[in-house]
Every structure is written in C-alpha cells, then in structure tokens.
Amino acid sequence: MKASSAMQAIFAWLRMVLWVGLSLQLVFVALIGLMHFMDPPSTAFERSQIWQIVRQQGRLPWRQDWVDASQISRHLKRAVMASEDSAFLQHNGVWWESIEKAWGRNEKAKAKAAQQAAKRADQTGSQAAASAPAAKIVGGSTITQQLAKNLMLSGERTLLRKGQEFVLTLALEALLPKQRILEIYLNHVEWGEGVFGAEAAARHYFKKPAAQLSPWEAARLAVMLPRPRYFEKRPQSTYLLDRTQTIVTRMNDVVAP
C-alpha cells in the first residue's frame with residue numbers, strides 16, 4: 001500500500017509539472033502572437049542588463065527608441081543579416097549547417113587551448129596551465145534564436161534553457177513574418193552599455209537616426225553585435241575595422257525582407 005501511495009504521489013507530481021510546463025508554453029505562444037500587432041516594450045535580457053548596471057553604478061541608463069521597420073536603414077538590415085545570419089530568409093529559425101560549423105570551430109578552439117595550456121605547463125609549471133585563458137566559444141544562433149533568447153529567457157546556459165529557446169524559435173517563425181522578426185530584433189538588440197535598438201545605436205555612435213545610416217556605418221554596427229560592450233570601449237580595434245570592410249562587401253549579396 002505504501003509503495004502504491006508513493007507511486008501515485010510521484011505520478012501526481014509529474015502531471016502537475018507537465019501541466020505547469022504546458023501552461024507556460026501556451027503563455028509564451030500567446031505573447032508571441034500578440035507581437036504580431038503590439039511592439040514589446042522591453043525584453044528579459046534588457047531588464048536584466050539594466051538591473052545589473054543599476055546595482056553596480058547606481059544609475060539608470062536606458063537609451064532606446066522604437067522605430068518602425070521603414071525607419072531603419074535597409075543598409076543596417078542587410079549588414080546585420082550578412083554578419084549574423086546570412087540565411088535568415090531561407091531557414092525556419094534554426095540553421096543546422098551554422099550550428100555544425102560552430103561546433104567544429106569550438107572543438108578546434110578547445111584543442112588549441114589545451115595544447116597551449118600543456119605547453120605552458122611544461123615551460124613554467126602546472127600553476128601557469130591552470131591560469132591559461134579558456135578557449136573562445138562561438139555560437140551558431142540565428143537571428144530568430146537570438147530574439148527568442150533575449151525576449152523571454154535568462155542568460156544561463158543549460159539544456160533546459162536551450163530546449164525552451166528552440167520552442168520559442170519555432171513559435172516566432174510560425175506566428176510572425178520574417179520582416180516582423182527582424183524589426184523586433186533590431187529594436188531590442190544590445191549595442192552598448194544601456195544602448196538598445198537601432199535608433200539608439202545610430203544616435204549614440206553616429207549622431208543620426210537609424211534611417212540615415214550609410215553602408216559603412218551600418219556594417220560597423222553589425223560587427224559590434226556579438227560583443228557590443230567590448231567594442232564600445234575599443235572603437236579603433238583592428239578587428240572591428242577589418243571586419244566592417246568585409247561586411248560592407250558581403251552586404252551586396254544579401255536581400256533584406
């Protein structure tokens with residue numbers, strides 16, 4: 001009898017967990033559906049970043065001005081796609097080829113870091129190996145995946161969070177057209193400390209509205225996206241300058257929605 005009661009309790013708990021999980025997914029889907037008609041005022045990522053800055057610096061920096069897709073330079077749309085997700089119009093939210101390439105690059109980076117750590121250990125002892133820099137891990141996320149993560153999820157890296165990101169990505173692609181996905185993304189993506197969205201970024205870096213960005217300016221902003229706060233403090237970075245020119249060239253092969 002005790003064993004039977006325990007099993008019933010376990011099944012009841014599992015049913016509750018499944019019900020809560022399903023309810024949460026339905027809430028997420030409903031919110032995404034509303035985004036077809038309503039502009040999201042902020043994202044989970046924005047709120048977490050702003051709160052972090054407030055705790056550390058005691059001030060509330062928030063530069064963001066929502067603008068319609070028609071008020072964002074087509075150069076910026078093409079530059080972001082060329083830099084972040086050139087297959088944006090072709091995939092269904094997940095670009096498996098990009099994920100596979102990122103996995104390969106990460107494995108090579110880890111192997112190289114391990115070799116460097118071993119070499120340092122031979123030269124200067126085990127303590128140096130322990131302090132050797134970790135391999136730089138790159139991702140293969142699409143624009144839709146980045147938007148899904150920023151909109152509603154935390155920054156932690158777990159299999160559960162990644163699975164939730166996948167579900168939200170499919171929901172975004174199913175319920176919103178590509179143009180709307182890109183519009184929301186460009187209005188909320190981080191471009192510096194407390195700088196969110198294309199309009200705020202254009203005015204912060206180039207003293208002009210997003211609609212007036214030149215191809216070079218658009219490419220410059222696009223290149224900053226993986227590490228905006230890092231490049232905000234290093235505007236003369238050689239990588240930033242070289243990569244900007246590369247993206248300017250690639251933009252010619254990209255068609256924005």
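In region 212-257, what count of residues is obtained for those that are over 21 Å from Phe88 (Cβ atoms) and part of a helix (DSSP H, G or I)?
12
For region 48-84, give me each residue that is in a helix (DSSP H, G or I), within 16 Å of Leu213 (Cβ to Cβ) and aliphatic (A, V, I, L, M).
Residues satisfying the conditions are Ala69, Leu76, Ala79, Val80, Met81, Ala82.
Given the structure, is Ile32 in the same structural domain as Ala198 (by TED's automatic domain parsing) and touching a residue at least 24 places away in the same chain (Cβ under 8 Å)?
No, not satisfied.
Suppose the filter is closer than 30 Å to Arg203 by Cα, outside any helix (DSSP H, G or I) and not basic (Lys, Arg); does Phe45 pass it?
No, not satisfied.
In this structure, does Ala200 turn out to be surrounded by 17 or more Cβ atoms within 10 Å (Cβ to Cβ), in contact (Cβ under 8 Å) with a residue 60 or more places away in the chain and within 19 Å of Ala256 (Cα to Cα)?
no
The values are calculated or read from the model by the stated rules, or taken from the named source; none is laboratory data. The model shown is predicted, which means the values in this text are computed figures rather than measured ones. Virtual Cβ from ideal backbone geometry, glycine too; neighbours counted across all protein chains shown.
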